[in-house]
Structure formats: structure tokens, C-alpha cells
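Enquirer: Before I ask anything, let me first share the structure, which is written out below as C-alpha cells.
The values are calculated or read from the model by the stated rules, or taken from the named source; none is laboratory data. What you are looking at is a predicted structure, and each value in this text was computed from that prediction instead of being measured. Here the Cβ positions follow ideal geometry from the backbone for every residue, glycine too, while neighbour counts run over all protein chains shown.
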Amino acid sequence: MKTLYIVRHAKSSWDHPQLSDKDRPLSKRGERDAPKMGQRLYNRGISPDLILSSPANRAITTCKTIARALGYPLENIEIDDHLYHASEDLLLDIVNNTNDIWLSLMIFGHNPGFTDFANSLTDGDLDNIPTCGVFACTFEVGSWQEVGFGNGSLLFFDYPKKKIY
């Protein structure tokens, strides 16, 4: 079995219009939400084997914050340029090319690709993965190459404004 965690970056700031899209930092809300979601994932016992992140500042900052909360070594985070605004087809290609030694994979990136990808994997009906939202699914496969559209099962979907009991 393989487990995939799809994490959209936390809310970004538009306070510096001179910055390129890749360089935009997190907003104050994003700076609050990322540790909150990291704690929620930690409380669920999430411990990814491999973490990949888009190179965008808002994605890598979210990634590092959540990785710290999970006890994942920051030096083991891999930056993948292809995750920057990737389409669902490219995201599937990234997942399919993951080494099979890893049972769980966490990726950090962007919409609309992430919501489209999550819906395609599980035949889902999500309108949107909100900022700092986490969509987790499992696959009854032995190899990442066998992951495909429609063969995932939703494990959980969580986001900062979701009420937890």
C-alpha cells in the first residue's frame, strides 16, 4: 500500500507586488495556519517517508514548517521544480516516478493542479483544496508506478478552518 499527502501551500502575501510569483512569502494567516496544520498532522501520527516541495517561497516555507512539526529532517526535503503550478498529469508523473522504497509521499504545491489531481485520484468532488489544506489518500498497490486516476481511496481531508472535535 502507498499513501500520498497532497498539501497546498499556506496563504501567501500580496503585500509586495514587486516580488515575482515564486518569491511571494506567507501572509500572517499563512504563518499561523502552517504550524496549526503541522500539529494536526502530528496528532494523526503522520510520518512521511519522503517530502517533495515546489520551489516557490510560499510552498517551501509551508513545507519546512510542517516538516518540523512532524520531526522530518529539513535536509531531506527535496525541491522539485516540476511541482510549481503542475497540472494533474504532471503530478501523476511525479508520483509514478517515486522510488518504491518509500511507502508514503507528501507533496507541497499549488492550485488548481492540486485540487484537480486529488479529484482525479479518488473520483472526488472537491471544489477546492484551500490554502494549507491536506488531502490524503491511499492506494492498494505495490509500486508508485501503479498509482493512477481513479484508483485512490480518501484517507482524510483537512484544512485550517475545518472544525475538529
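Enquirer: So which of ASP89, ASP81 ends up being out of contact with any helix residue (DSSP H, G or I) (no Cβ under 8 Å at 6 or more places or on another chain), modelled with pLDDT of 95 or more and over 26 Å from GLY124 (Cα atoms)?
Expert: Answer to the selection: ASP81.
Enquirer: Contact list please: Cβ distance under 8 Å, first residue in the range 17-28 and in contact (Cβ under 8 Å) with a residue 60 or more places away in the chain and closer than 12 Å to PRO55 by Cβ, second residue of a type in the set (A, V, I, L, M) and outside any strand (DSSP E or B), pairs at least six apart or on different chains.
Expert: LYS22/ALA56
Let's see how each residue does on (1) in contact with a His (Cβ under 9 Å, 6 or more places away or on another chain); (2) buried (at least 21 other Cβ atoms within 10 Å of the Cβ); (3) over 25 Å from GLY30 (Cα atoms):
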| position | (1), (2), (3) |
| --- | --- |
| MET106 | no, yes, no |
| PRO112 | yes, no, no |
| ASP123 | no, no, yes |
| LEU126 | no, no, no |
| PRO130 | no, no, no |
| PHE135 | no, yes, no |
| THR138 | no, no, yes |
| GLY148 | no, no, yes |
| SER153 | no, no, yes |
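Enquirer: Which condition from (1) free of Cβ contacts under 8 Å to residues at least 12 places away in the same chain; (2) of a type in the set (D, E, K, R); (3) surrounded by 15 or more Cβ atoms within 10 Å (Cβ to Cβ) is the one that ASP116 breaks?
Expert: Only one criterion is unmet by ASP116, namely (1).
Enquirer: Name every residue in the range 3-43 that is within 29 Å of THR138 (Cα to Cα), in contact with a helix residue (DSSP H, G or I) (Cβ under 6 Å, 6 or more places away or on another chain), hydrophobic (A, V, I, L, M, F, W, C) and not in a helix (DSSP H, G or I), in order of residue number.
Expert: Those that are within 29 Å of THR138 (Cα to Cα), in contact with a helix residue (DSSP H, G or I) (Cβ under 6 Å, 6 or more places away or on another chain), hydrophobic (A, V, I, L, M, F, W, C) and not in a helix (DSSP H, G or I): ILE6, ALA10.
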